[in-house]
Amino acid sequence: MSELVIKMPPLGESVTEATVSQWMVKPGDKVKKYDPILEAISDKVVTEIPSSDDGVVTELLVNENDVVPIGADILKMSTDGSAAGSGNQKEEPSEEPASSAASSPDKSAPRFSPAVLKIAGEKGIDLSLVTGTGKNGRITRKDVLNYQPQAESKPAPEKAAPSPEPVVSPNIPAPDPKPVSVDTNDIVTKAGPVRKMIAQNMLKSVHEIPQAWTMIEVDVTGLVKLRNSLKNKFKEQNGFGLSYFPFFVKAVSTALKNNPKLNSSWQNDEIIQHRDINISIAVATDDALFVPVIKHTDRLSITGIAAEVNRLATGVKNNTLKGSDSEGGTITVNNTGSFGSVESMGIINYPQAAILQVEAIRKELAILDDDTFGIRNKVNLCLTLDHRILDGLAAGKFLNEVKANLEAIDQNTNIY
């Protein structure tokens, strides 16, 4: 009998550790090469870790919720020839018993993961009624968690796709609420791995970075008119909508070329000024915040930025975001205006030097250049900055250039 130790694999450039979210196997389980054995979270992206060989699990070396360095030992397994699934041997069914409600009558169906069987058993779900969305139709934990049983006396009507769940990871079950005591209505829920990681990053940012804040008002009447004149044709041609947000991201990326200090980070008592302009964008879900990255934003047109925003936001909602999609960000732009906010202070995405909040566009009665009155579209841009790297002068120059870029937009602006 030979023993194999599986290590936490590389999960992307600059990723040094990951949190164990959920074991999908236990000692005694027989697995085949490439079968998922573990869910790990890094930079708020959930990744299924596959087995590197056929064999039988002998020991789990780390616990759920442990933070594990890349390359650390995580599991031991025996790989002797008698292991089910080794070589060309026919795969045997899982040894883990499941309740009758969780058994599939189709013996030719693929073997379900222990996590799927466990959830199906707890919820009394017949897996033969669940449609799999995983590779080759495999039923995932997301499928079981999102499954809505229909009354047996009625045919199941077609339903529109459910609105995005805590896209943190639909693979992570929501913790069961437990009352604090019988005397109150308070509910206590255990923080999951993603929420813990967000908390750690926010605390690190606030504790280590002296954060200052400033705001500027911008007249975006020309931007609003241009976008409204293009939005219907744009959607027909591209298959997704044209929001205001890509215009702001483009204005920021252009301003960063003349204000490179904003595109910096503080690391080991050194200021790293990044050559690439990779703008992180905040994508919120019901109970988490993801920050995927638009790479080389300055090289993209407004349409190209809109396509990337759509791709990344869709990846968050569908839980298809890759680890590489969240790497390399140099500054963050957050669309807080989508929630109706008109003024806010963002927390810097560590170790970046700044985060810009784009607030809601509002109509105002304003005094025009010829001293007459008119209705204008105004927006507030709120900048939080690392005061170790930046001061008021640098922040002011940057914001004023972003303002100039936005106020220059008119019907002649090319978005392609």
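The values are calculated or read from the model by the stated rules, or taken from the named source; none is laboratory data. On a predicted model such as this, the values are computed, not experimentally measured, just so you know. Quick reminder, even Gly has a Cβ in these numbers, built from the backbone with ideal geometry, and neighbours come from all protein chains shown.
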Across the range 358-377, which residue is surrounded by the most Cβ atoms within 10 Å (Cβ to Cβ) among those that are assigned to a strand (DSSP E or B) and of a type in the set (Gly, Ala, Ser)? 366
Between a first residue in the range 183-197 that is over 20 Å from residue 66 (Cβ atoms) and without any contact (Cβ under 8 Å) to a residue 60 or more places away in the chain and a second residue that is loosely packed, with under 12 Cβ neighbours inside 10 Å and not hydrophobic (A, V, I, L, M, F, W, C), which pairs have beta carbons less than 6 Å apart while being 6 or more apart in sequence or on different chains? 187/177; 188/178; 189/177
With the checklist (1) farther than 30 Å from residue 207 by Cβ; (2) under 14 Å from the mean Cα position of the chain (by Cα); (3) crowded, with 21+ Cβ neighbours inside 10 Å in hand, flag the one item residue 311 doesn't pass. (3)
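Looking at 347, 355, which is the one that is in the same structural domain as residue 280 (by TED's automatic domain parsing), part of a loop (DSSP other than H, G, I, E, B) and not basic (Lys, Arg)?
None of the others qualify; the one that does is 347.
Give, as residue ranges, the strands (runs of 3 or more DSSP E) completely inside the range 200-312 that count at least 3 residues that are in contact (Cβ under 8 Å) with a residue 12 or more places away in the chain.
Per the criteria, 211-219, 264-267, 279-281.
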Residue 380 vs. criteria assigned to a loop (DSSP other than H, G, I, E, B) and buried (at least 19 other Cβ atoms within 10 Å of the Cβ): no
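Quick check: is even one residue across the range 204-217 touching a helix residue (DSSP H, G or I) at 6+ places or on another chain (Cβ under 7 Å), modelled with pLDDT of 95 or more and under 15 Å from residue 333 (Cβ atoms)?
yes
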Please work out if residue 406 is surrounded by 15 or more Cβ atoms within 10 Å (Cβ to Cβ) and assigned to a strand (DSSP E or B). no
Which of the residues belonging to the range 243-272 are of a type in the set (S, T, N, Q), surrounded by fewer than 19 Cβ atoms within 10 Å (Cβ to Cβ) and under 11 Å from residue 353 (Cα atoms)? 267
Starting from residues that are outside any helix (DSSP H, G or I) and basic (Lys, Arg), keep the ones in the range 113-158 and report whichever is modelled with the lowest pLDDT. 154
So residue 327 clears everything in (1) under 22 Å from the mean Cα position of the chain (by Cα); (2) at pLDDT 95 or above except one condition, right? Which one? (2)
Mind checking whether some residue in the range 52-75 is modelled with pLDDT under 80 and either touching a Lys or Arg at 6+ places or on another chain (Cβ under 9 Å) or hydrophobic (A, V, I, L, M, F, W, C) (or both)? no
